[in-house]
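Every read-out reported here was derived from the displayed coordinates using simple, explicitly stated rules and does not represent laboratory data. Computed from a predicted structure; not experimentally measured. Here the Cβ positions follow ideal geometry from the backbone for every residue, glycine too, while neighbour counts run over all protein chains shown.
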Amino acid sequence: MTTKLGVFIPNFGPHATPDILHGWVRFAESHGFDLAMTSDHVAPTPDVTALYPSPFYDPFATLAWLGGLTERLELGTTVAIVPYRHPLLTARMANNIDQFTGGRFILGVGVGWSEAEFAAVGAPFRERGRVTDEYLAAITDAWTNDVVSLDGAYVTYRDVTTGPRAARAPHPPLWVGGWGPTAIRRTVRFGDAWHPNQLDLERVRATLPMLRAEAERQGRPVPAFCPRMRAQLTGGDLLETGRPFGRGSLRQIRRDLATLIELGAAYVVLDPLADNPHDRVCPDRDWETLAAVVAP
């Protein structure tokens, strides 16, 4: 199996403009990347904008537009926050984008973390796991049936027509983010892939056997391993003790990437963005980093 490589496109902040977003996918396609992914916030509250400054472009609108500017690049969300949107809307937008791009859309999903943003959109923060599970069941139902009904705890509808279908059969790939037993159960139940972020190698090594065991318990296929990792280049080698995975010299980042490939990653999404907004640089610098990481 050949590991496919992706890039994270920051669809927020002072460097998020239509020209620069277009530049990201031009860079990705010209350098042989297979996938580009964007993140999601619907109503950025101060805790969100402290990390992801304004403006924030909606991922579905952005990816639909970028789909028309690309030819082969897969496009996806890392991750869409499931409780923020009605599941029928999410299912339809995903299928529409997949149709428009000829089967190039990936829906990466998560439960969300900002209690203030949940309040702003009127979603129940403390029930977000249960909402996510109900919504994912509704999304997959809408992806596979022409007419759907649901009498759920959070949404109710009757005899809703769902077309058009996705171009990629039977539906767009569904990647589920998160850590811990609940996220792993959710991944196996609904997902085609496990899509963790903020990687810690020991935690990854401990979780992959859990993923296989849970798949056996549910009698389902083992989801693919499709992580998103930092690719944050420093001036030289960092001490290994306490070094964040994916941060360091070019040698260290390449070694981290090789480790994920050895662990069986089907895709690896590289994220060169500095953790602190004040340390973030112009996209040209990020493109130089990414080009160096994947250079022969």
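How far is helix 18-30 tilted, in degrees, relative to the longest principal axis of the Cα atoms in the chain, given as a value from 0 to 90 rounded to the nearest 10?
So the inclination is approximately 70 degrees.
Please compute the length gained on full extension between ARG251 and LEU239, using 0.36 nm multiplied by the number of residues separating them and subtracting their Cα-Cα distance.
On the way: separation 12, 0.36 × 12 = 4.32 nm, distance 1.27 nm.
My answer for the length gained is 3.0 nm.
At 0.36 nm per residue, and after removing the present C-alpha to C-alpha distance, how many nm does the segment from ARG130 to THR259 gain when stretched out fully?
Working: separation 129, 0.36 × 129 = 46.44 nm, distance 3.39 nm.
The ARG130-THR259 span can extend by a further 43.1 nm.
Rounded to the nearest 5, what is the percent of antiparallel bridges among the DSSP beta bridges in the chain?
Restricted to the chain, the bridges split so that about 15 percent are antiparallel.
Relative contact order for the stretch 4-294: what is it in percent, counting Cα pairs under 8 Å that are at least 6 residues apart?
Normalised by residue count, the contact order of the stretch 4-294 is 17 percent.
Just order 182-190, 212-220 by mean Cβ neighbour count inside 10 Å, highest at the front, would you?
Numbers: 182-190: 21.0, 212-220: 12.9.
Result, highest mean Cβ count within 10 Å first: 182-190, 212-220.
Roughly what would the spin-label model give for ALA169 and LEU51, points 7 Å off Cα along C-beta, in nm?
For the pair ALA169/LEU51, the computed spacing is 4.0 nm.
Given a Förster distance of 25 Å, report the FRET efficiency between ASN96 and LEU208 from their Cβ-Cβ distance, rounded to the nearest 0.05.
Values: r = 34 Å, r/R0 = 1.34.
E between ASN96 and LEU208, to the nearest 0.05, is 0.15.
Roughly what would the spin-label model give for GLN218 and HIS22, points 7 Å off Cα along C-beta, in nm?
About 4.1 nm, to one decimal.
What order, most packed first, do the peptides 93-103, 118-128 have when packing is the mean number of other Cβ atoms within 10 Å of each residue?
Ranking, from highest mean packing down: 93-103, 118-128.
So, R0 is 35 Å and r is the distance between the beta-carbons of ALA291 and ASP200; what FRET efficiency does that work out to, to 0.05?
Working: r = 26 Å, r/R0 = 0.76.
The computed FRET efficiency comes out at 0.85.
With each label point set 7 Å from Cα along the Cα-Cβ vector, what nm distance links TRP65 and VAL121?
It works out to 1.9 nm between the two label points.
Under 5 Å between amide H atoms, partner at least 5 residues away or on a different chain: which partners does GLU74 have, H built in plane at 1.01 Å?
LEU35, ALA36
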